[in-house]
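One structure is given below, encoded as structure tokens.
The values are calculated or read from the model by the stated rules, or taken from the named source; none is laboratory data. Fair warning: this is a prediction, and the values are worked out from it, not measured in the lab. Please note: Cβ atoms are built from the backbone with ideal geometry, for glycine as well, and neighbour counts cover all protein chains shown. Note: areas computed on protein heavy atoms with side chains; ligands, DNA, RNA excluded. Shrake-Rupley method; radii C 1.70, N 1.55, O 1.52, S 1.80 Å.
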Amino acid sequence: MDEVLKGVGPRLRSIRLSRDLTLGDVAEATGLSASTLSRLESGGRRPTLELLLALSALYDLPLDDLVGAPPVGDPRVYPRPLRRNGMTVVPLTHFPGPQQALKMVIPSTKSTPALRRHDGYEWLYVLSGELRLIVGDHDVLLTVGQAAEFDTTTPHWFGSTGTSAVEVLSLLGLQGQRIHLAGSVEANSGTAMHNRVDELP
């Protein structure tokens, strides 16, 4: 950001000169003082939105072009698979935050329940195979296209049925991240973020 701001003054001067305008011409057209414009172009005055809007209108340029803002970063995520607790976990989000998306590949050998609990809220969607999910007193089977959501403070476990691997999309987030409930698994609002892949059951 500092580099962008440092380049605003020279950029404004270059734009003005390319239009064959003097500081007086710009001052008259915008209502800004020539001294303010001079300090802005020399870097002696920090650009403000009020100043830039006036110049943007005069030069008929969007603000991004006026200040030379850097392009928006590439929105694509390049997943890097990780091995966690016998599973392959593929993070699908760039940074930790209020929501995270993961793809999990659970092998057929991960079929022995070991219930655990932690703060958070989770939503699961089965991409392939069959997923066995235990939440509290509920023990259900989810097939391709089915989803479940639950408060992770309730003792829970999910894994393979033991016959084949299963692929699952998992969304982890704060309370209110309720999407769709499958079977009879009941859910309550979670209260904290579950955002560490090493906490997966």
Of the residues that sit in the stretch 132-144 and are open to solvent by 40 Å² or more (accessible area, probe 1.4 Å) and either at positive phi or of a type in the set (Val, Ile, Thr) (or both), which one is nearest to the chain's Cα centre (by Cα)? Val144
Conditions (1) of a type in the set (Asp, Glu); (2) open to solvent by 30 Å² or more (accessible area, probe 1.4 Å); (3) at pLDDT 85 or above; number of the one not met by Asp2: (3)
Looking only at the stretch 6-27, how many residues end up being among the aliphatic types (A, V, I, L, M) and open to solvent by 70 Å² or more (accessible area, probe 1.4 Å)? 1
Scanning the stretch 128-154 residue by residue, those out of contact with any Phe, Trp or Tyr (no Cβ under 7 Å at 6 or more places or on another chain) and either of a type in the set (A, V, I, L, M, F, W, C) or under 20 Å from Met87 (Cα atoms) (or both) turn out to be Ser128, Gly129, Glu130, Val140, Leu141, Leu142, Thr143, Val144, Ala148, Phe150
Taking the stretch 35-61, which residues are part of a helix (DSSP H, G or I) and farther than 13 Å from Arg13 by Cβ? Ser35, Thr36, Leu49, Glu50, Leu51, Leu52, Leu53, Ala54, Ser56, Ala57, Leu58
Can you tell me how many residues in the stretch 107-131 are surrounded by 19 or more Cβ atoms within 10 Å (Cβ to Cβ) and assigned to a strand (DSSP E or B)? 7
Taking only pairs six or more apart or across chains, which ones have beta-carbon atoms under 6 Å, a first residue in the stretch 91-105 that is over 20 Å from Gly129 (Cβ atoms) and assigned to a loop (DSSP other than H, G, I, E, B), and a second residue that is modelled with pLDDT of 80 or more and of a type in the set (A, V, I, L, M)? Thr93/Ala101
